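S.K.: Take this structure first; my questions come after.
The values are calculated or read from the model by the stated rules, or taken from the named source; none is laboratory data. Everything quoted here is computed from the prediction, not taken from an experiment. Here the Cβ is made from the backbone with ideal geometry for all residues, glycine too, and neighbour counts use every protein chain on show. Quick note on the areas: whole protein, heavy atoms, side chains included, nothing else; ligands and nucleic acids left out. Shrake-Rupley method; radii C 1.70, N 1.55, O 1.52, S 1.80 Å.
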Amino acid sequence: MKVSEKVNISLRKLVLLPNNPRKITQESLNRLCDSIRENGYWPHRPAAVEPIEGTDKYYILDGNQRKKALGRLKRKEAWCVIYTDLTEEERARIILLGNINNGEWDTGLLQSDFEPLVDFESIGLAIELPEI
């Protein structure tokens, strides 16, 4: 795994993660917008992104809601760190750990896309998944 220094990337180049296992309510997104409006977008909490092969775009591994909030606030860029050469397990860990304290889990996605890759208990994720 390689990680870049913090860089500003145009919001147009940031693509929401299609299988993001964490969702937040409209109310929580509104609170995030208010926080960014009042406090700014803190550069010590950059989004984690990964290049989409063959394009100049990046999937957001951690920071999907921040991208939505920044767009709503008419911002043009976001602080990011770029991850490359990730294994599937490393990618899954970044996604899960970056989202562990916010929103609601999509248990179906957790079960199908992440449970085979990461031992949830090892990262402090205590969640009961439905039986399949």
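S.K.: Over the chain, what is the relative contact order in percent, taking alpha-carbon pairs closer than 8 angstrom and at least six residues apart?
M.R.: 36 percent
S.K.: If you add up the charges near Trp79, with Lys and Arg at +1 and Asp and Glu at -1, over every other residue whose beta carbon is less than 15 angstrom from its beta carbon, what do you get?
M.R.: Charge balance near Trp79 sits at +4.
S.K.: Another question about this same structure. FRET efficiency for Asn19 and Asn39, Cβ-Cβ distance as r, R0 = 35 Å, nearest 0.05?
M.R.: 0.70
S.K.: Scaled to the compact-protein estimate 2.2 N^0.38 Å, what is the alpha-carbon radius of gyration of region 1-111, rounded to two decimal places?
M.R.: So region 1-111 has a normalised radius of gyration of 1.03.
S.K.: Same structure, new question: For region 75-122, state what percent of all Cα-Cα pairs lands in each successive 10 Å bin, counting from 0 Å until the bin that includes the largest distance.
M.R.: The calculated distribution, bin by bin, is 22, 48, 25, 5.
S.K.: If you don't mind, there's one more thing I want to ask. Nearest 5 is fine: what % of DSSP beta bridges in the chain come out antiparallel, could you say?
M.R.: Percent antiparallel among DSSP bridges in the chain is about 70.
S.K.: Got a number for carbon plus sulfur as a percent of the chain's accessible area, 1.4 Å probe?
M.R.: Of the solvent-accessible surface of the chain, carbon and sulfur hold 48 percent.
S.K.: For the chain, set up a GNM with springs between Cα atoms under 10 Å and report which of Ser28, Ser112, Ser122 has the largest fluctuation.
M.R.: Ser122
S.K.: Compare Thr55, Thr87, Thr107 in a GNM of the chain, Cα atoms joined below 10 Å, and give the one with the largest fluctuation.
M.R.: Among Thr55, Thr87, Thr107, the largest GNM mean-square fluctuation belongs to Thr55.
S.K.: What FRET efficiency would be calculated for the residue pair Glu77, Glu104, taking the C-beta separation as r and a Förster radius of 41 Å, to the nearest 0.05?
M.R.: In this case the efficiency is close to 0.90.
S.K.: Moving to a separate point now. Modelling each spin label as a point 7 Å along the Cα-to-Cβ direction, I'd like the Ile127/Arg12 distance in nm, to one decimal.
M.R.: Result for the modelled spin labels: 3.4 nm.
S.K.: Assign unit charges at the C-beta atoms only (+1 for Lys and Arg, -1 for Asp and Glu), then state the dipole size of the chain relative to its Cα centre in Debye, rounded to the nearest 20.
M.R.: Here the size comes out at about 1140 debye.
S.K.: What full-extension length gain, to one decimal in nm, is calculated for Gln26 and Ser112 as 0.36 nm per residue of separation minus the Cα-Cα distance?
M.R.: 28.4 nm
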